[in-house]
Amino acid sequence: MRMLIILACILTLQACSGPSKEELRRMQLLEAQRAEQAALAAQKEAQEREIRTRQRLSDARTAWQKKTKLSSSQIDNLFGQNPAAALSSDKIYYVQFDLQPAKYNYGQNKQSFTIVGMRNLPNSAVYGPLFPDEKAQYQPGQLAKSVLEFALKEETEINRIGQEVLRDRGQRWVAATLNFKSYDSLVNQNNTSKWYWEPGLFDDLSWNITPEAAYPYTSERTLTLQLGLRFCLLTDRCYLDSDYRKHPTHAVRAEVMSVLIASHKNGDILAEFIREKE
């Protein structure tokens, strides 16, 4: 009986002394397998991201060279009764906007620009339904998302001095996107070009360049911004009607997949930004 008690104690001590060598080897093997699987998954993701980036970059360049743009009829279909019947939510559509140069900043050695036809709406409660704050359900009172609004079509007229302006109570059809100037969703593909986004309200992007080098582009305002957009076509959750200074505004949610900055005079491409994520 005494021997049985001693044997039981020995077995108990062995059980409490930790995992056996075989157990340790099995745990190490499992950990090595998990690390290998994670490395393979990361490698696969990097390869897919590189393929996406190259394809989107190639598509943006081709659209610029061939002057491929979202047509007026496509815009009508985009805001029609059944947009999914005429357009694809997987396809990228291209639109262009002029870049208006600001006065050259000698203090910071940069040439800044604003995007003509774009509105910057920081903390936009109006667009809350299109861009809900995922954290709001856990932390009430979160600020609304910062949104950019790009005019696709407007009801305009010619004023007394020959300028095209919004007609009185004229309607607007716009693409609403998250503010890529602040959210860093686009990756600069030309790191040496020294183009970068300005997060504020007054300037949209800047170019670190000498005034002499910038002058040929700014004197004749030859620079254009080509935007590659992917639209959400769900009519029950991706469209929103609002009002802007008594102008009825019809918005569709979109994602910016690419931005290309080029000269419409000589065709030179000066900067490219691509969304790398799916």
Q. Residue 266 versus (1) part of a strand (DSSP E or B); (2) surrounded by fewer than 19 Cβ atoms within 10 Å (Cβ to Cβ): which is the lone unmet condition?
A. (1)
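Quickly run through the stretch 225-258 and pick out the residues that are farther than 20 Å from residue 96 by Cα and within 25 Å of the chain's Cα centre (by Cα).
Those that are farther than 20 Å from residue 96 by Cα and within 25 Å of the chain's Cα centre (by Cα): 233, 234, 235, 236, 237, 238, 239, 240, 241, 242, 243, 244.
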Q | Complete set of residues in the stretch 176-211 that are more than 22 Å from residue 54 (Cα to Cα), part of a loop (DSSP other than H, G, I, E, B) and of a type outside the set (A, V, I, L, M, F, W, C) | A | 179, 198, 199, 200, 203, 204, 210
(Q) List pairs: first residue in the stretch 261-274 and free of Cβ contacts under 8 Å to residues at least 60 places away in the same chain, second residue open to solvent by 10 Å² or more (accessible area, probe 1.4 Å) anywhere in the structure, Cβ distance under 8 angstrom, at least six positions apart or on different chains. (A) 263/217; 263/270; 265/220
Q.
So, residue 106, is that one touching a residue at least 24 places away in the same chain (Cβ under 8 Å), open to solvent by 40 Å² or more (accessible area, probe 1.4 Å) and hydroxyl-bearing (Ser, Thr, Tyr) or not?
A. yes
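The rows are residues; the columns are (1) in contact with a Gly (Cβ under 9 Å, 6 or more places away or on another chain); (2) closer than 30 Å to residue 85 by Cβ.
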| position | (1), (2) |
| --- | --- |
| 216 | no, no |
| 221 | no, no |
| 228 | no, yes |
| 247 | yes, yes |
| 257 | yes, yes |
| 262 | no, no |
| 267 | no, no |
| 276 | no, no |
(Q) For the stretch 155-164, give me each residue that is in contact with a strand residue (DSSP E or B) (Cβ under 6 Å, 6 or more places away or on another chain) and surrounded by 12 or more Cβ atoms within 10 Å (Cβ to Cβ). (A) 156
(Q) Return the pair list, or none, for Cβ contacts closer than 9 Å from residues in the stretch 36-59 that are more than 22 Å from residue 226 (Cβ to Cβ) to residues that are part of a helix (DSSP H, G or I), at least 6 apart or on different chains. (A) none
Q) Which condition number does residue 222 fail, the rest of (1) at pLDDT below 95; (2) open to solvent by less than 60 Å² (accessible area, probe 1.4 Å); (3) closer than 18 Å to residue 105 by Cβ; (4) more than 19 Å from the chain's Cα centre (by Cα) being met? A) (3)
Q: State all residues of the stretch 28-42 that are open to solvent by 100 Å² or more (accessible area, probe 1.4 Å) and either polar (S, T, N, Q) or outside any helix (DSSP H, G or I) (or both); if no residue qualifies, say none.
A: 28, 37
Q) What is the number of the single condition among (1) touching a residue at least 12 places away in the same chain (Cβ under 8 Å); (2) in contact with a helix residue (DSSP H, G or I) (Cβ under 7 Å, 6 or more places away or on another chain); (3) under 30 Å from residue 240 (Cα atoms) that residue 101 does not meet? A) (3)
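Can you tell me which residues in the stretch 60-75 are open to solvent by less than 80 Å² (accessible area, probe 1.4 Å) and without any contact (Cβ under 8 Å) to a residue 24 or more places away in the chain?
62, 71, 73, 74, listed by residue number.
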Q) Is it true that some residue in the stretch 170-180 is without any contact (Cβ under 8 Å) to a residue 40 or more places away in the chain and among the basic types (Lys, Arg)? A) no
Q | Answer residue from the stretch 225-247, given it is modelled with pLDDT of 95 or more and among the charged types (D, E, K, R) and is least open to solvent (accessible area, probe 1.4 Å) among those | A | 230
Q. Can you name the residue in the stretch 175-207 that is over 10 Å from the mean Cα position of the chain (by Cα), of a type in the set (Phe, Trp, Tyr) and closer than 26 Å to residue 93 by Cβ and is also most open to solvent (accessible area, probe 1.4 Å) among such residues?
A. 196
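The values are calculated or read from the model by the stated rules, or taken from the named source; none is laboratory data. Bear in mind that the values here come from a model prediction, so they are computed numbers and not experimental data. No Cβ is skipped: glycine too gets one built from the backbone with ideal geometry, and neighbour counts run over all protein chains shown. Heads up: the accessible areas ignore ligands, DNA and RNA and are worked out on the full protein's heavy atoms, side chains in. Shrake-Rupley method; radii C 1.70, N 1.55, O 1.52, S 1.80 Å.
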